[in-house]
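Take a look at the structure below.
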Amino acid sequence: MKKIYSIFLLISIISITQPNLVSAQVNVQDSIALVAIYNSMGGAHWRSSINWLTTAPVQQWEGITVQNNRVVTVQLGSYNLNGILPAEIGYLTHVEKFDLRENHNISGTIPPEIGNMKNLKELFIYNSKLTGSIPHEIGKLKMLEALYFNGDLLTGSLPAEIGYLTNLETIDVHYNRLSDTLPRQLGNLKNISTLSLSSNNFTGSIPVQLKNLTNLVWLDLSRNQLTGKIPSGLGDLSILNYLDLSFNKLEGFIPTHIADLPSNLRIYLNNNNFTFAGMVRIDKRFYKPAYSPQATIPMHYNNNILSVSVGGILAFNTYNWYKNGTLYQTITGDSTLPVNESGSYYVVATSHQAPKLTLYSDTINYTMGNNLIATNLSNKNLSASLYPNPVKENATLTFYAQGKYTIKVVDFSGKLMQIRTGIAVNGEKNMLQLDASKFANGLYMVTISDEKNNNQILKINKSN
């Protein structure tokens with residue numbers, strides 16, 4: 001095990017034993033920062049730490065690059081760093097690249113002193129166990145071009161100050177636990193080409209200011225809790241070739257301008273609350289667009305008539321009505337069904353304008369005599385989602401619940417196919433896999449309930 005020297009002792013030894021190397025040493029504050037990184041992040045157990053804390057010139061310390069006696073690169077990706085980022089990293093004011101990627105045991109928070117690294121251009125600390133929020137001091141890094149915090153455990157909001165780092169070309173913070181609304185200041189990032197914010201808990205609408213990002217090539221906002229409509233201005237992003245808005249709660253008409261984007265665009269709109277409205281141009285314009293499935297649509301009841309609204313041109317829509325799990329009537333061009341028999345009703349709608357999309361309604365239990373109506377499937381308390389859907393083998397179920405939960409999978413005859421129980425992590429997204437490999441092809445109901453009487457029912461389509 002290496003003996004840990006203080007930086008002052010280290011400099012003294014170098015000066016006495018190797019005076020010809022003194023000029024090769026770095027600024028004292030840089031040295032203090034490197035020693036702090038070694039001591040705070042388990043340097044003795046790194047995958048390799050050649051020459052660290054020896055009398056060798058700092059230029060020869062593994063992963064370190066020095067220019068004009070200042071450290072300009074710290075590159076220790078996948079070195080088994082273990083511990084917290086020390087505040088002393090703020091002394092590295094000439095570092096341009098700070099790369100600690102794929103060190104899975106980096107923990108603790110991002111020190112606000114990171115804002116002192118004023119020459120930083122590339123920042124990589126991903127696939128670690130960083131917690132806490134992204135400090136607002138990140139907005140001081142005016143030279144920053146690439147920001148990667150993906151695959152960490154970060155919480156809080158995305159700081160608005162990031163929107164003033166006008167040299168940024170890439171922001172990747174996907175797969176964290178970030179929340180709150182997306183700052184409108186993101187629209188200031190005129191040089192950005194990649195914006196990856198997926199797999200977080202962002203809420204609210206997509207900022208209309210994103211239309212200003214004319215150099216954007218990759219936009220991924222998937223797997224959040226975004227609501228509202230797609231801003232029509234996204235259709236102005238003329239060089240966009242990847243757009244993923246899937247697994248949110250977006251709704252409304254698909255803007256016409258979206259279909260004016262380059263035909264090679266890979267576009268993903270599935271698992272939202274969209275209907276057939278505006279899908280026809282998406283289907284015709286792009287190669288293999290993903291817009292199926294969508295969320296369950298609500299069923300309406302009035303004067304013994306059931307109806308749904310699925311968008312698109314009515315004449316092109318076909319409605320397959322089911323009663324008690326069996327096909328009851330098929331109607332084209334009319335979204336209503338008069339009912340005069342008790343039973344459980346739902347409808348499956350298709351459209352010639354969007355052939356890849358099938359829309360499923362919630363279920364209404366209708367009882368003759370007292371006209372008792374009960375709806376279950378529109379409950380969104382658990383914010384549950386299933387993917388992929390259709391499924392071949394395993395489907396991933398995500399949901400929010402409180403306390404003990406129960407998950408049941410039944411076919412449309414009511415036969416119980418699978419049951420799962422557990423204790424939810426309150427306030428966080430819970431995730432588990434459902435094995436559908438032995439199910440026959442067809443539709444199944446997935447019911448989720450928790451001890452607070454929150455519940456949700458989803459439909460899943462098993463298909464080979």
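The values are calculated or read from the model by the stated rules, or taken from the named source; none is laboratory data. Owing to the predicted nature of the structure, the values given are computational and were not obtained by experimental measurement. Ideal geometry is used to build each Cβ from the backbone, glycine not excepted, and the neighbour counts take in all protein chains shown. These area figures cover heavy atoms from the full protein model, side chains too; ligands, DNA and RNA do not enter into them. Shrake-Rupley method; radii C 1.70, N 1.55, O 1.52, S 1.80 Å.
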(request) Taking the dipole about the Cα centre of the chain, with the C-beta of Lys and Arg at +1 and of Asp and Glu at -1, give me whichever of T358, Q209, I192 is farthest to the positive side. (result) T358
(message) Straight-line reach only, C-alpha to C-alpha below 16 angstrom: list the aspartates and glutamates that K429 could link to, leaving out same-chain residues fewer than 8 apart.
(response) D152, D180, D450
(message) For q values of 0.09, 0.10, 0.13 Å⁻¹, compute log₁₀ I(q)/I(0) with the Debye formula on a Cα-only model of the chain, without solvent.
(response) -0.72, -0.83, -1.15
(message) Looking only at the stretch 22-154, where both bridge partners belong to it, what percent of the DSSP beta bridges are antiparallel (to the nearest 5)?
(response) 25 percent
(request) Starting from the Cα of K356, draw a straight line to each of the lysines and keep only those under 19 Å, dropping any in the same chain fewer than 8 residues away. (result) K284, K288, K392, K459, K462
(request) State to the nearest 20 debye the size of the charge dipole of the stretch 121-235 about its Cα centre, where the only charges are +1 on K and R beta carbons and -1 on D and E beta carbons. (result) 240 debye
(message) Around M431, under 14 Å between beta carbons, what's the net of Lys plus Arg minus Asp minus Glu among the other residues?
(response) +3
(request) First obtain the Kirkwood hydrodynamic radius of the stretch 76-125 from its Cα pairs, then insert it into the Stokes-Einstein equation at 37 °C and 0.692 mPa s, and state the resulting D in µm² per second as a whole number. (result) 296 µm²/s
(message) At 1.4 Å probe radius, can you tell me the per residue accessible area of the chain in Å²?
(response) 44 Å²
(request) Using a 1.4 angstrom probe on the protein heavy atoms only, line up M41, M445 by accessible area, largest first. (result) M445, M41
(message) Once the cut-off is 17 Å, how many percent of the Cα-Cα pairs in the stretch 299-349 end up in the long-distance tail?
(response) 28 percent
(message) On C-alpha positions alone, give me the angle between the axis of helix 28-40 and the longest principal axis of the chain, in degrees, nearest 10.
(response) 50 degrees
(request) May I ask you to list the lysines whose Cα is less than 27 Å away from that of K121, ignoring any residue fewer than eight positions away on the same chain? (result) K97, K129, K140, K142, K190, K211
(request) Determine, at each q value in 0.21, 0.22 (inverse angstroms), the log₁₀ of I(q)/I(0) that the Debye formula gives when each Cα of the stretch 215-298 is one equal point scatterer. (result) -0.95, -1.05
(message) Please give the charge dipole size of the stretch 57-127, origin at the Cα centre, charges +1 on K and R Cβ atoms and -1 on D and E Cβ atoms. Round to the nearest 20 debye.
(response) 160 debye
(message) Using alpha carbons only, how many angstrom separate the centre of the stretch 40-99 from the centre of the stretch 198-232?
(response) 36 Å
(request) Please state the charge dipole magnitude for the chain, taken about the Cα centre, from unit charges on C-beta atoms (+1 on K and R, -1 on D and E), reported in debye and rounded to the nearest 20. (result) 560 debye
(request) Could you tell me how many degrees, from 0 to 90 and to the nearest 10, lie between the Cα long axis of helix 7-17 and the main elongation axis, the longest principal axis, of the Cα atoms of the chain? (result) 40 degrees
